[in-house]
1. Within the stretch 156-170, can one find any residue that is surrounded by 23 or more Cβ atoms within 10 Å (Cβ to Cβ), over 19 Å from Ala214 (Cα atoms), touching an Asp or Glu at 6+ places or on another chain (Cβ under 9 Å) and of a type in the set (Ser, Thr, Tyr)?
2. Find the residue count for the stretch 174-203, including only residues that are over 16 Å from Ala236 (Cβ atoms) and surrounded by fewer than 20 Cβ atoms within 10 Å (Cβ to Cβ).
3. Could you please find all residues in the stretch 103-124 being touching a Leu at 6+ places or on another chain (Cβ under 6 Å) and within 17 Å of Glu192 (Cα to Cα)?
4. Any residue at all in the stretch 56-74 that's of a type in the set (S, T, N, Q) and either assigned to a loop (DSSP other than H, G, I, E, B) or more than 21 Å from Met201 (Cβ to Cβ) (or both)?
5. Are there any pairs with C-beta distances below 7 angstrom linking a residue in the stretch 144-164 that is in the same structural domain as Leu204 (by TED's automatic domain parsing) and closer than 19 Å to Ile94 by Cβ to a residue that is outside any helix (DSSP H, G or I) and not charged (D, E, K, R), with the two at least 6 apart or on different chains, and if so which?
6. Picking from Val21, Val15, which residue would you name as being over 24 Å from Leu123 (Cβ atoms) and buried (at least 19 other Cβ atoms within 10 Å of the Cβ)?
7. Could you list, in sequence order, the residues of the stretch 19-55 that are outside any loop (DSSP other than H, G, I, E, B) and under 17 Å from Ile116 (Cα atoms)?
8. Taking the conditions exactly as written (touching a strand residue (DSSP E or B) at 6+ places or on another chain (Cβ under 9 Å), farther than 16 Å from Phe20 by Cβ and surrounded by fewer than 19 Cβ atoms within 10 Å (Cβ to Cβ)), does Arg38 satisfy them or not?
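The values are calculated or read from the model by the stated rules, or taken from the named source; none is laboratory data. Computed from a predicted structure; not experimentally measured. When we count neighbours, we look across all protein chains shown, and the Cβ atoms used for this are built from the backbone with ideal geometry, even at glycine.
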Amino acid sequence: MLEAAISLLVFLVGVSIGSFVNTAADRLPRRQSLIYPRSYCLSCNRDIPRRHLLPVISYLYLRGRCGSCGAKIPTRIIVIEILTGLLVAYAHHIGPEISVFLALTVSITILLVFAIIDLENRLILNRAILVGTGVFLLMAPFWTVIGNERTFLGENTFFASLSNSLLAAALAFLFFFLIRLSFPRGIGGGDEKMALLLGLMLGLSDALTALFCAIFAGGIVASVLLLSGRRGRKDAIPYGPFLALGGIVSLLTDLDVLASSTTLVSGLTGF
């Protein structure tokens, strides 16, 4: 009973974080402050009453429309609130230690903001990348303390954690940079910067898993869009959502592409 109550509470916290994710995704591309002005309707520009700011509940009560002008509220609002609630609740389930839970929650929040902005605006904002890079660069030496070991050359020290993170960031950036040089219309310059951020966030092994998942999911979606005629071969597809998906999968699962590949190769070669 207590565990269920805690899970519900964490879910509600996650839903509130989802509301922040929506605010950030709406305001950052417009270069607006996340704090001021208070929440307002994008259609009529009127302030939203506080009683209409309850995540999920207000959307359902208002039937998805502005309480002042009746304009439709994007479905994305309630979807992201519920999705964030579920992700944060699951993050707490797999990492109830406060340091691990906070690291997972911060990472999920940042990835969701990037995904929404890129999906809706075809933008990966440099200033958002700088903030995220700064956060995870500061965290880079301390992953072992946080509860996520990052070894380097067999060492498990602060320097090893930092080295692992920096190497992962450099390799992820280089990988997407080379892809952009080879296929300049395939991805944008922001994708390599987001890959760098993923490297810092996840470290070598998990970053490889995230990139694999992103490429796999992106390839499937691109194939479906091409076969259905909704996109042409020269049309760009926003890749930020796939990188975010890969990052979240890597954060919340035990999938390890590097370990699986090593096991497969060993099995095939007999070594």
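1. yes
2. Counting residues in the stretch 174-203 that are over 16 Å from Ala236 (Cβ atoms) and surrounded by fewer than 20 Cβ atoms within 10 Å (Cβ to Cβ) gives 4.
3. Ile117
4. yes
5. Sorted first by the residue in the stretch 144-164, then by its partner, the pairs are Thr144/Asn156; Glu149/Asn156.
6. Every option except Val15 fails the conditions.
7. Residues satisfying the conditions are Ser19, Phe20, Val21, Asn22, Thr23, Ala24, Ala25, Asp26, Arg27, Leu28, Pro29, Arg30.
8. no
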